[in-house]
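Here's the structure we're looking at; comments come further down.
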Amino acid sequence: MPQKILIVDDEQSICDLVALYLTNEDFQVYPFYTGQEALACIDSTPLDLAILDVMLPDVDGFQLCRHIRERHNYPIIMLTAKGEEVDQITGLTLGADDYITKPFRPLELVARVKAQLRRFTKYNTATQEREDHVLTVRGLVLNQDTHECTLDERSLSLTPTEFSILWVLCANLGRVVSSEELFQTVWGEKYFENSNNTVMVHIRHLREKLKDSADHPRYIKTVWGVGYKVEA
């Protein structure tokens with residue numbers, strides 16, 4: 001069964017072009033030019049990934065992202081204007097997993113889509129639990145097979161990217177993981193200067209869900225100028 005992808009962009013030429021490329025990769029595509037039409041699809045169709053333009057004439061991409069995260073944890077890729085770093089940070093804060101700036105190459109977006117779906121499928125496929133797929137750190141439990149995370153027996157709702165970051169840090173317990181290593185491991189892409197902002201926003205979001213403090217962390221500690229670590 002083909003994976004289902006939502007595309008929302010009011011620039012019809014971009015939306016249709018992306019839809020064409022994804023259809024050629026055997027995805028089932030749901031293209032829309034308005035946020036209102038997309039909302040109806042989100043609420044009625046089981047999707048595997050969403051591509052959301054920030055600037056829409058009615059319901060903007062941020063509202064759509066928030067609406068999805070209230071109900072689903074499948075990956076979200078935001079389309080942002082070139083140089084609009086505030087849009088990228090806002091989208092990541094609301095729960096987006098990745099962003100790509102306009103103008104972009106359709107093949108690059110297709111590659112991002114495949115990378116996000118691989119990660120999501122990997123962490124959400126229920127298989128027989130293995131001991132090395134469960135990490136426990138002072139009341140924090142991560143199950144890589146079921147993509148479940150609990151803190152003091154309380155379930156935490158993490159996006160696939162957030163889960164991946166926390167897994168990498170806990171799997172390297174006591175060792176500092178650089179922002180570059182974290183980005184390349186989780187996103188599977190080359191690290192650039194603005195990639196650090198992406199990592200920082202996700203770390204901040206994780207801390208909020210863990211009810212952790214950057215100044216007095218129980219779990220994620222910032223090692224300034226180096227990276228992050230979870231201490232044993």
Item to check | Of all residues making up the range 92-115, the number that are open to solvent by less than 50 Å² (accessible area, probe 1.4 Å) and either assigned to a helix (DSSP H, G or I) or within 16 Å of residue 27 (Cα to Cα) (or both) | outcome: 8
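Identify the residue in the range 64-86 that is part of a loop (DSSP other than H, G, I, E, B) and more than 21 Å from residue 163 (Cβ to Cβ) and, among all such residues, is most open to solvent (accessible area, probe 1.4 Å). Walk me through it before giving the result.
Of the range 64-86, the ones part of a loop (DSSP other than H, G, I, E, B) are 70-75, 82-84.
If we keep only those that are more than 21 Å from residue 163 (Cβ to Cβ) as well, we get 82-84.
Values: 82: 160, 83: 68, 84: 79 Å².
Among residues in the range 64-86 that are part of a loop (DSSP other than H, G, I, E, B) and more than 21 Å from residue 163 (Cβ to Cβ), the one most open to solvent (accessible area, probe 1.4 Å) is 82.
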Next on the checklist: Just the residues that are over 22 Å from the mean Cα position of the chain (by Cα), open to solvent by less than 80 Å² (accessible area, probe 1.4 Å) and closer than 21 Å to residue 67 by Cα, please, taken from the range 1-38.
Outcome noted: 10, 33, 34
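A quick yes/no check of all residues on (1) in contact with a Phe, Trp or Tyr (Cβ under 7 Å, 6 or more places away or on another chain); (2) among the charged types (D, E, K, R); (3) outside any helix (DSSP H, G or I):
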position	(1), (2), (3)
20	no, no, no
23	no, no, no
26	no, yes, yes
31	no, no, yes
40	no, no, no
43	no, yes, no
47	yes, no, yes
51	no, no, yes
57	no, no, yes
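Does residue 89 meet the test of being in contact (Cβ under 8 Å) with a residue 60 or more places away in the chain and either assigned to a helix (DSSP H, G or I) or open to solvent by 20 Å² or more (accessible area, probe 1.4 Å) (or both)?
Values: in contact (Cβ under 8 Å) with a residue 60 or more places away in the chain: yes; either assigned to a helix (DSSP H, G or I) or open to solvent by 20 Å² or more (accessible area, probe 1.4 Å) (or both): yes.
Criteria met by residue 89.
The values are calculated or read from the model by the stated rules, or taken from the named source; none is laboratory data. As the structure is a computational prediction, the values presented were derived from the model and not from experiment. A quick note on method: Cβ atoms are made from the backbone with ideal geometry, for glycine too, and the neighbour counts reach across all protein chains shown. Heavy atoms of the whole protein, side chains included, go into the accessibility calculation; ligands, DNA and RNA do not. Shrake-Rupley method; radii C 1.70, N 1.55, O 1.52, S 1.80 Å.
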